[in-house]
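Read the structure below first, then the notes.
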Amino acid sequence: MDLTDLKNLLQAQESQQLIYKAVSQLPEKKQAIFWLSRREGLTHQEIAQRMNMSVQTVKNNLTDILKYVKIYLSGHSELLAMAFWMQTSYFLF
């Protein structure tokens, strides 16, 4: 694994942790919708059936969730960059 691969891996891990943190701050229903979609790979229809809601409600919730996560990540991008720099600076010195 070269330095570029390591940087990409560290950045992906940091991003994933921030996404998990953002999602954990959502109401339980929205968390469930997000994880059913992303972890289990369920379709909108499957989520709607499992959660007893309309497909449109699932779509609306996922749109809201993704907007929230995007805003959360943009607010933490400086932190992410600093963490990335701190983790990779060890390899530069």
>> At 1.4 Å probe size, put Lys21, Lys59 in order of accessible surface, largest to smallest.
In response: Lys21, Lys59
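Set the Förster radius R0 to 22 Å, insert the Cβ-Cβ distance between Asp5 and Leu73 as r into 1/(1 + (r/R0)^6), and round the FRET efficiency to 0.05. Mind showing how you got there, number by number?
Values: r = 22 Å, r/R0 = 1.01.
That pair, Asp5 with Leu73, gives E of 0.50.
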> What list of ³J(HN,Hα) values in whole Hz, one per residue of region 19-25 in order, does the Karplus curve 6.51 cos²θ - 1.76 cosθ + 1.60 (θ = phi - 60°) give from phi, with Gly and Pro shown as x?
Replying inline: 5, 4, 5, 4, 5, 5, 8
> What nm distance separates the two modelled labels at Gln25 and Gln13, each placed 7 Å from Cα along Cα→Cβ?
Replying inline: 2.3 nm
>> Place a point 7 Å from the Cα of Glu46 along the Cα-to-Cβ direction; which residues of region 22-40 have their backbone N under 17 Å from it?
In response: 32-40
> Counting only residues 5 or more places away or on other chains, whose amide H sits under 5 Å from the amide H of Leu26 once H atoms are built in the peptide plane?
Replying inline: none
> Using heavy-atom solvent-accessible surface (probe 1.4 Å) with all chains present, what is the largest-first order of Ser24, Ser15?
Replying inline: Ser24, Ser15
>> Please list, in order along region 60-74, the HN-Hα scalar couplings obtained from phi with the Karplus expression 6.51 cos²θ - 1.76 cosθ + 1.60 (θ = phi - 60°), rounded to whole Hz, x for Gly and Pro.
In response: 4, 5, 4, 4, 4, 4, 5, 4, 4, 4, 4, 5, 4, 5, 5
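The values are calculated or read from the model by the stated rules, or taken from the named source; none is laboratory data. Here the structure is a predicted model, which is why all the values come from computation and not from measurement. Neighbour counts run over all protein chains shown; Cβ positions are idealised from the backbone, glycine included. The accessibility values were calculated without ligands, DNA or RNA, using every heavy atom of the protein model including side chains. Shrake-Rupley method; radii C 1.70, N 1.55, O 1.52, S 1.80 Å.
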